[in-house]
Amino acid sequence: MPDADVARLREAIDGFTVDAVHGMLGDEAWRALARDETVPGRRATTDGSPLASLIRLFQLQIPVPRPAAEAAFGPAWEAARRLGLVEVDGDEVRAVLDLRPYGDEQHDWWVVCDLTPGLDGRDHPRDPLHVLGISEASSSLAQLTVRPQVGRALDLGTGCGVQALHLAGHARQVVATDLNPRAVRLARLTAELNGLDVDVREGSLFEPVAGERFDLICTNPPFVVSPPEGERLVYRETGFDGDEVVRRIVSGADAHLEDGGWCQLLAAWIHAEGEPWQERLAGWIEPTGLDAWVVQRERVDLPEYAEMWLADAGLRHAPGHVERYDRWLTWFAEQGVEAMGFGWITLRKAGRENPRVRIEEWTAPVAQPVGTEFLAWGRRADALASSDALDRCWHVGPDVVQETVGRVGAEDPAVIRVVRHGGLRPARQVDTIEAGLLSACDGELPAGRILDALAHLLDRDPAELRRDYGPVVEELVADGFLVP
Ligand SMILES: C[S@@+](CC[C@H](N)C(=O)[O-])C[C@H]1O[C@@H](n2cnc3c(N)ncnc32)[C@H](O)[C@@H]1O
């Protein structure tokens, strides 16, 4: 990729941003496009402007007249051809790759990936080396990732390079890896187009970074569990059995993490017959000695799972659908798979003798970006590990509110709940002691002393209260109702 071509292209598409595309399409066409429907977008892009031509070429995949394409790229027209983004077909030009504006609150980026298959309900069997664009899973991982300033970060299975873009904002050095050579090429182009220095390497899992350590690893690996026969789509399936790819990343993380480092995965796992899913995950995590917080966001039944991934491969209406679907269910039964779990795994190299491992299901909506909560969880875990929870002064979390329920006119509420509006937005019913403790936690007195005062007020035995409520204080801290 000649630097001059990339630089010329960057300059030429300067105004091709998420906001500009959204502005031209309008809300309805924008939402239709998210559903892979282009008709409203076609109607909104008829003015022949350079922006309309770029949207038509890449987002809508409509060939545009050659003069319009040349005008859209301006001095970067030849560069766009050389970089393989577009090709000339008679009097028209069509996109070969997708060039997609992308951004967060602070940045406007572009991502280069393969064209979205299946627009307007077209048949779309995929190329096994298809390089996925930005999916819902990409956005979930981006929101889940902790974002402290770090030295080295690894984007494992980078695809089009989307996570590396985010990492470049808070890591001094970013390494991105992928097994798919097409992905390596496109992730490099994505990084260079955005003027970012990302070290993109080809290879499987941790092989390209053997012997190296990172402060942060994030990955949205190809975690689809499917029968082994037939063509594998590299963006979603591996040659490993079942959910082995996830197990390998979890098991390999420790060797590639600096002290205090984080590894975060968006992942799926098998619910196997006769084995609670929490035990399966614990069996992977415990030998690593890492702190862990696993959140199962969804339990998907097998028919739903098979339908989802058959449709994703463009096989929903293909010949042999019934037999293929049946084969998936037969294979799941043979493997002893009962359902699939999907969610988030956060690992942290805290270096504790007794790692803090938390494995739970939480399907309710969370406050985004939820990565801030994982970072705060790390700080809370350190605080709990460094001293007895009763000897420490805590604050009520800034996002905690109290809700009371009771009969109209009653002097005291029948139920008191505390609710966090941040993080995973947990809620907890509290008794009088817990409510009193929380309202007195303003960072001035250790929790144990507050319990002593409550014992005095309520005529209870202070030793008993400390014994009974010590674990409660730990739980309140673990859930972020109390913070250091
Ligand atoms: C679901 S995509 C994720 C892409 C991107 N990181 C994102 O967040 O959207 C999974 C990526 O992992 C890559 N991959 C597949 N098998 C791999 C392996 N054994 N080692 C490393 N990467 C692999 C695929 O080529 C694909 O780019």
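Odds and ends about this structure:
- Only listed residue being without any contact (Cβ under 8 Å) to a residue 24 or more places away in the chain, outside the structural domain of R425 (by TED's automatic domain parsing) and among the aliphatic types (A, V, I, L, M), chosen from L315, L310, L347, L329: L310
- Unique match (being at negative phi and assigned to a loop (DSSP other than H, G, I, E, B)) among L347, L315: L315
- Members of the range 192-205 that are within 13 Å of the ligand (Cβ to nearest atom), of a type outside the set (S, T, N, Q) and not in a strand (DSSP E or B): G203, L205
- When each of R213, R248, R232 is tested for being under 24 Å from E361 (Cβ atoms) and of a type in the set (D, E, K, R), the lone residue that passes is R248.
- Selection from the range 160-173 of residues that are free of Cβ contacts under 8 Å to residues at least 60 places away in the same chain and either assigned to a helix (DSSP H, G or I) or over 17 Å from D114 (Cβ atoms) (or both): Q163, A164, L167, A168, H170, A171, R172, Q173
- Only one of the numbered conditions (1) crowded, with 24+ Cβ neighbours inside 10 Å; (2) assigned to a helix (DSSP H, G or I); (3) near the ligand (Cβ under 9 Å from one of its atoms) is not met by A176, and that is (2).
- Residues that are assigned to a strand (DSSP E or B) and surrounded by fewer than 17 Cβ atoms within 10 Å (Cβ to Cβ), drawn from the range 358-387: R358, E360, E361
- Looking across the range 206-220, the residues that are within 14 Å of the ligand (Cβ to nearest atom) and surrounded by fewer than 19 Cβ atoms within 10 Å (Cβ to Cβ) come down to E207, A210.
- Scan of the range 2-52 for residues that are within 22 Å of E192 (Cβ to Cβ), touching a residue at least 40 places away in the same chain (Cβ under 8 Å) and among the aliphatic types (A, V, I, L, M), ordered by number: A4, V6, L9, A12, I13, V18, A20, V21
- Residue satisfying all of: in the range 221-252; at pLDDT 95 or above and among the small types (G, A, S); nearest to the ligand (Cβ to nearest atom) among these: G252
- Residues that are part of a loop (DSSP other than H, G, I, E, B), more than 10 Å from the ligand (Cβ to nearest atom) and aliphatic (A, V, I, L, M), drawn from the range 112-129: L115
- Failed item, numbered, when A76 is tested on (1) at pLDDT 95 or above; (2) within 16 Å of the ligand (Cβ to nearest atom): (2)
- Comparison of L144, L132, L99 shows that the only residue that is away from the ligand (no atom under 15 Å from the Cβ) and either at pLDDT 95 or above or closer than 27 Å to G41 by Cβ (or both) is L99.
- Enumeration of residues in the range 61-75 that are surrounded by fewer than 23 Cβ atoms within 10 Å (Cβ to Cβ) and touching a Lys or Arg at 6+ places or on another chain (Cβ under 7 Å): I62, P63, P75
- Filtered residues of the range 147-159 (kept if touching a residue at least 60 places away in the same chain (Cβ under 8 Å) and either near the ligand (Cβ under 7 Å from one of its atoms) or hydrophobic (A, V, I, L, M, F, W, C) (or both)): V150, A153, L154, D155, L156, G157, G159
- Residues that are in contact with a Gly (Cβ under 7 Å, 6 or more places away or on another chain) and buried (at least 21 other Cβ atoms within 10 Å of the Cβ) within the range 338-357 comprise R348, K349, listed in sequence order.
- In the range 412-429, the count of residues that are over 35 Å from the mean Cα position of the chain (by Cα), touching a residue at least 40 places away in the same chain (Cβ under 8 Å) and over 28 Å from L144 (Cβ atoms) is zero.
- Any chance D104 is outside the structural domain of G203 (by TED's automatic domain parsing) and modelled with pLDDT under 95: yes
- Any hit, the range 395-403, residues being part of a loop (DSSP other than H, G, I, E, B), under 23 Å from A292 (Cα atoms) and in contact (Cβ under 8 Å) with a residue 24 or more places away in the chain: yes
- In the range 421-442, residue nearest to G480 (Cα to Cα) [restricted to those that are of a type in the set (A, V, I, L, M) and part of a strand (DSSP E or B)]: A427
Yes/no per residue for (1) surrounded by 22 or more Cβ atoms within 10 Å (Cβ to Cβ); (2) assigned by TED's automatic domain parsing to the domain that holds A34; (3) within 11 Å of the ligand (Cβ to nearest atom); (4) at pLDDT 95 or above:
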| residue | (1), (2), (3), (4) |
| --- | --- |
| F58 | yes, yes, no, yes |
| A80 | yes, yes, no, yes |
| W110 | yes, no, no, yes |
| G161 | yes, no, yes, yes |
| A164 | yes, no, yes, yes |
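The values are calculated or read from the model by the stated rules, or taken from the named source; none is laboratory data. From a predicted model like this one, the values you see are computed outputs, not experimental measurements. Reconstructed Cβ throughout: ideal geometry from the backbone, glycine too, with neighbour counts over all protein chains shown.
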